[in-house]
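The values are calculated or read from the model by the stated rules, or taken from the named source; none is laboratory data. The model shown is predicted, which means the values in this text are computed figures rather than measured ones. With ideal geometry, Cβ positions are generated from the backbone for all residues, glycine too; neighbour counts draw on all protein chains shown.
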Amino acid sequence: MAKQTVLKKLPKPKAKPKTKPKPAGRIGIGAHVSIAGGYCEALARGQADDLDAIQIFTSSPRSRARRVVSKQEKADFITACAVSPIRAVYVHTPYYVNAASPDSRTWHFSQSYIVREIELMDSIGAGYFVMHVGSHLGSGVAAGKDKVIRMLDEVLQKTKGSKVVVCLENTAGQKNEVGSRFEDMGEIMGRFKKEPRIGAVMDTCHMFSAGYDIRTPAAVKETFSAIERLIGWQRIPMLHFNDSMVDLGGHRDRHQNLGQGYIGHKGLAAVVGSRFVKGKDLILETADQGRAADIAWLKKTVAAR
Ligand SMILES: [Zn+2]
Ligand SMILES: [Zn+2]
């Protein structure tokens, strides 16, 4: 496809900054967007909604077959990003990747997947790789944590020189999931204390479902102080910003549109207002149905902060 055709479809960026420094303390607003039509289309979707950041799957998460990304598409994406007001591109792993797996085949498959993904991300200039901590599949949390630590260690070795930050995401604590407790994430990350390429992403729905209350400013303060103590907010560039279909401690990963779930607008506004969230990106992973209202509410709430 000719380069011009792809670029023509993109809405005109409002500004053309040469570099995109993040204004100190400013909260970024973003969303998970579809890559239908290619990566440039994903960027265009983010721009159409006037977002600061996007999250994508680089291939369809439903299939293990990876998308073929041509040199032209990579070049087009880099060109489009350079003039785009979108300042961060997050890549989410598909769910079949499991760094905590006790099964050697799955574990090694996951490793080669992650390494290839980081190489792809370097080639398109995407900075943050987001991965659920994983599932120990019955082998126990301690064994799961050891697998994740070994995975991160080997991935860092195999992608030396990469700029991509690997972010572990907290889980809802569904059956066999590792990483729903901040202590467990903190323990894994504590092994990589001086490693700037290891970070974390905190999902509001997952933490609530795992049993951490965020329904009031006081609850947010307590929960976020625990994150500060056990993980450290300086290692967290982004939060997944979702309401929850299940109640506190329900241990299920079911996102809900903002204000429609058990966290509610009051709790979500308290999250936005927290001092720990200053300068972070807030990425929506809510259903497309209702997404426009979510973006509007989030923009309004961030502006009123
Ligand atoms: Zn998430
Ligand atoms: Zn989730």
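Overview of results
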| read-out | value |
| --- | --- |
| Sole exception among (1) away from ligand 2 (no atom under 16 Å from the Cβ); (2) touching a Leu at 6+ places or on another chain (Cβ under 7 Å) for Ile236, by number | (2) |
| Breaking point among (1) without any contact (Cβ under 8 Å) to a residue 60 or more places away in the chain; (2) within 16 Å of ligand 1 (Cβ to nearest atom); (3) closer than 22 Å to Tyr90 by Cα, for Gly261 | (3) |
| Some residue of region 92-104 being in a helix (DSSP H, G or I) and either within 24 Å of Ala42 (Cβ to Cβ) or not aromatic (Phe, Trp, Tyr) (or both) | yes |
| Qualifying residue in region 183-191 (condition: outside any loop (DSSP other than H, G, I, E, B), within 16 Å of ligand 1 (Cβ to nearest atom) and surrounded by 15 or more Cβ atoms within 10 Å (Cβ to Cβ)) | yes |
| Residue list for region 58-86, restricted to those being of a type outside the set (Asp, Glu) and in a helix (DSSP H, G or I) | Lys71, Gln72, Lys74, Ala75, Phe77, Ile78, Thr79, Ala80, Cys81, Ala82 |
| Only one of Met151, Met207 that is within 29 Å of Ile124 (Cα to Cα) and out of contact with any His (no Cβ under 7 Å at 6 or more places or on another chain) | Met151 |
| Candidates Ala31, Ala44, filtered to the one that is part of a strand (DSSP E or B) and aliphatic (A, V, I, L, M) | Ala31 |
| Odd one out for Met245, checked against (1) surrounded by fewer than 24 Cβ atoms within 10 Å (Cβ to Cβ); (2) within 16 Å of ligand 1 (Cβ to nearest atom); (3) within 21 Å of Asp146 (Cα to Cα); (4) of a type in the set (A, V, I, L, M, F, W, C) | (3) |
| Region 110-136, subset within 16 Å of ligand 1 (Cβ to nearest atom) and not hydrophobic (A, V, I, L, M, F, W, C), residue nearest to the chain's Cα centre (by Cα) | Tyr128 |
| Test for Ser180: is it assigned to a loop (DSSP other than H, G, I, E, B) and modelled with pLDDT of 95 or more | yes |
| Lys280 being among the basic types (Lys, Arg) and more than 16 Å from ligand 1 (Cβ to nearest atom) | no |
| Residue satisfying condition, being touching a strand residue (DSSP E or B) at 6+ places or on another chain (Cβ under 6 Å) and within 16 Å of ligand 2 (Cβ to nearest atom), within set Val178, Val166 | Val178 |
| Which numbered condition Glu195 fails, given (1) of a type outside the set (Val, Ile, Thr); (2) farther than 20 Å from Tyr95 by Cβ; (3) touching a Gly at 6+ places or on another chain (Cβ under 9 Å) | (3) |
| Residues that are surrounded by fewer than 22 Cβ atoms within 10 Å (Cβ to Cβ) and either among the polar types (S, T, N, Q) or in a loop (DSSP other than H, G, I, E, B) (or both), drawn from region 151-171 | Gln157, Thr159, Lys160, Gly161, Ser162, Lys163, Val164 |
| Single residue of region 268-305 satisfying the filter (assigned to a helix (DSSP H, G or I) and in contact with a Pro (Cβ under 8 Å, 6 or more places away or on another chain)) that is surrounded by the most Cβ atoms within 10 Å (Cβ to Cβ) | Ala270 |
| Of all residues in region 204-223 being β-branched (Val, Ile, Thr) and in a helix (DSSP H, G or I), the one that is nearest to ligand 1 (Cβ to nearest atom) | Thr204 |
